[in-house]
Amino acid sequence: MIELLTNAEMGECDRLTIAGGTPGIVLMENAGRAVADATAARTPANGKVVVVAGPGNNGGDGFVAARLLVERGFAVELLLVGEAAKLKGDAAEAARRWRGAVVPAAPEQIGRPATIVDALFGAGLDRPVEGLPRAMIEAMNAAGCPIVAVDLASGINGTTGAAMGIAINAVESVTFFRAKPGHYLLPGRLHCGHLRIADIGIGADTLEKVRPQAFLNNPDLWAQQFPMPAAAGHKYSRGHAVIVSGHSHTTGAARLAARAALRAGAGLVTIASPSDALAINATTNLAVMVRPVDGADELARFLEDRRFNAVGLGPGLGVGAATCDLVLAALAGERAVVLDADALTSFASDAKLLFAAIKKRGSHATVLTPHEGEFARLFGGIDAEAPPSSKLDRARAAARQSGAIVLLKGADTVIADASGRAAINANAPPYLATAGAGDVLTGLTVGLMAQGMSGFEGATAAVWLHGEAANAFGHGLIAEDLSEMLPRVYRRLFEERIGQGRSV
């Protein structure tokens, strides 16, 4: 798994490593060397490098990188924001080892170098950038050359991904030991460029003490639960997913979700259809079955068949009391439930009713998949009660409040459960901003959970597959293409995992 460390957690990893006998200056030398490597790879042999150093340890990394670049034959100018005499600890030692001039930072000193090293603030910034630092960031961005950021683009908070008024636009960021949430949450990710994670001598065993709860979403997070068909299996052993359809003029969303559930591997998929939409749903589906189900009472009776072990509701259902009743009927049974779109908005005026029904379900997983607008309607009180500082915080707070796994969609989708465990997704391309893509994601999640994946693992796998399918198709993507790209994604995924002792 790829852990993501908050600023505080990274600081604790540093502290544990130093307490274990590794001097802090050794960590700083290793960090500076990684920055020098990245900078040298981007700088012509006769090119000039400007290093902009700040007054903390990030600046110390910059001093080390500057010294090593000079040793490799590069022309380097070091600009310091602050006073060298006020540097402390390892940063002061790194500055002492630098034999070149220390030039007081000023915007006009940037000039037109081949490369800039941004060693101003790094990940720990938690206040708006003002005064000289702001002017330096503006000048660096305006210089028209590649910027290599030390740890994280200055101006971005490493824990939240927020831009503190202004931020460096880096082509590459060199971080240390593990990435931070701010490298993947927006807008931080947009300022990082290529991310390089350097080993600076911190042992992986420090993670056992720090116990981070945030992860980058990739197959390592859910591969052990990913369903693989057994040689002796059959369609009934692969789960039976149900998608609840809206009326005749809104059936497309349910049909997209149902096909995605089938492509996700569910052995059987049935659309529970209102009578007025039965003909449309029946004539536009082949492998997906269609059954007449009118209203909440009929849905409750229909779902009494325990072979229906996962159900998705919301896409195309319509907003109102009737949809609330359908949702409550689905939640009352012993099955996995995925709620999206209208199933969420219908409870905007009585979210507590929905959350109470979810919490009564015990171990039966419920996944909520809102986009930002739906999230605001359902969880609007979160910000007012205890203003969270990031999308990650909001998703975690919503999961605690609702008792569900919350999948907060976007270019930086966050999946969180009530325990605080969370994943940030980073593979979604802009092609996914198309009508119906969210309905496909609902179907993927239902299909994976029908096969036995838990709520958190099923949701994270569905989000990753959704992004990979969009990348596989590329420009011109429409929602119908996503399910058809999944076999290509599966082939690559299976091939990559076979060598690791598992056929996924």
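Using the Cβ-Cβ distance between E208 and R301 with R0 set to 45 Å, the FRET efficiency from 1/(1 + (r/R0)^6) comes to roughly 0.35. Put simply, the amide H of A198, placed in the peptide plane, has neighbours under 5 Å in T175, F176, F177, leaving out anything fewer than 5 places away on its chain. Largest to smallest in accessible area, the residues S154, S363 fall in the order S363, S154 (1.4 Å probe, all protein chains included).
When the Cα gyration tensor is reduced to axis lengths a ≥ b ≥ c, the ratio a/c is 1.5 or higher for segment 356-504, and with a/b above b/c it is classed as prolate. Applying 1/(1 + (r/R0)^6) with r as the Cβ-Cβ distance of A101 and I18 and R0 = 25 angstrom yields a FRET efficiency of 0.25.
Of the GluC sites (Glu not before Pro) found in segment 40-126, the ones in coil according to DSSP and having at most 13 other Cβ atoms within 10 Å of their Cβ are E83. Straightening the chain between D325 and L286 buys 11.1 nm, computed as 0.36 nm per residue apart minus the Cα-Cα spacing. Restricting segment 96-204 to trypsin sites (Lys or Arg not before Pro) that sit in a DSSP loop and have at most 10 other Cβ atoms within 10 Å of their own Cβ leaves R99. Computed 3J(HN,Hα) for segment 184-190, one whole-Hz value per residue from the Karplus formula 6.51 cos²θ - 1.76 cosθ + 1.60 where θ = phi - 60°, is 10, 6, 7, x, x, 4, 5, glycine and proline marked x. Solvent exposure of K209, expressed as accessible area, is near 150 Å², computed with a probe of 1.4 Å over the protein chains only. Each label point is 7 Å from the Cα along the Cα-to-Cβ direction; what then is the distance between the points at E334 and H475, in nm? Placing both labels 7 Å beyond Cα along the Cβ direction yields 5.3 nm.
Taking amide H atoms as placed 1.01 Å from N in the peptide plane, the amide H of F215 lies under 5 Å from those of L4, A422, A423, I424, each 5 or more residues away in sequence or on another chain.
The protection proxy used here, the mean number of other Cβ atoms lying within 10 Å of each residue, ranks peptides 262-269, 278-285 as follows, highest first: 262-269, 278-285.
Computed per residue of the chain from DSSP H runs no shorter than four, each worth -39500 (n - 2.57), the mean residue ellipticity at 222 nm is -12500 deg cm²/dmol.
On full extension, the segment bounded by A348 and E83 gains 90.0 nm, given 0.36 nm per residue less the C-alpha separation. Estimated from the Cβ-Cβ distance and a Förster radius of 45 angstrom, the FRET efficiency linking E138 and A376 is about 0.85. Note on the chain: with neighbouring protein chains present and a 1.4 Å probe, carbon and sulfur make up 53 percent of its accessible heavy-atom surface.
At a probe radius of 1.4 angstrom, the accessible area of segment 397-490 per residue rounds to 27 square angstrom. Amide H to amide H distances under 5 Å link V76 with V49, where only residues 5 or more positions off or on other chains count and H is placed in the peptide plane.
The candidate values are (1) 1.06; (2) 1.30; (3) 1.00; the one derived from this structure for Rg/Rh (Cα atoms, Kirkwood Rh) carries the label (1). Applying both filters, DSSP loop and at most 12 other Cβ atoms within 10 Å, to the GluC sites (Glu not before Pro) of segment 109-175 gives E130.
The values are calculated or read from the model by the stated rules, or taken from the named source; none is laboratory data. Computed from a predicted structure; not experimentally measured. For neighbour counting, all protein chains shown are included, and Cβ atoms are generated from backbone atoms with ideal geometry for every residue, glycine included. SASA here: full protein model, heavy atoms, side chains in, ligands and nucleic acids out. Shrake-Rupley method; radii C 1.70, N 1.55, O 1.52, S 1.80 Å.
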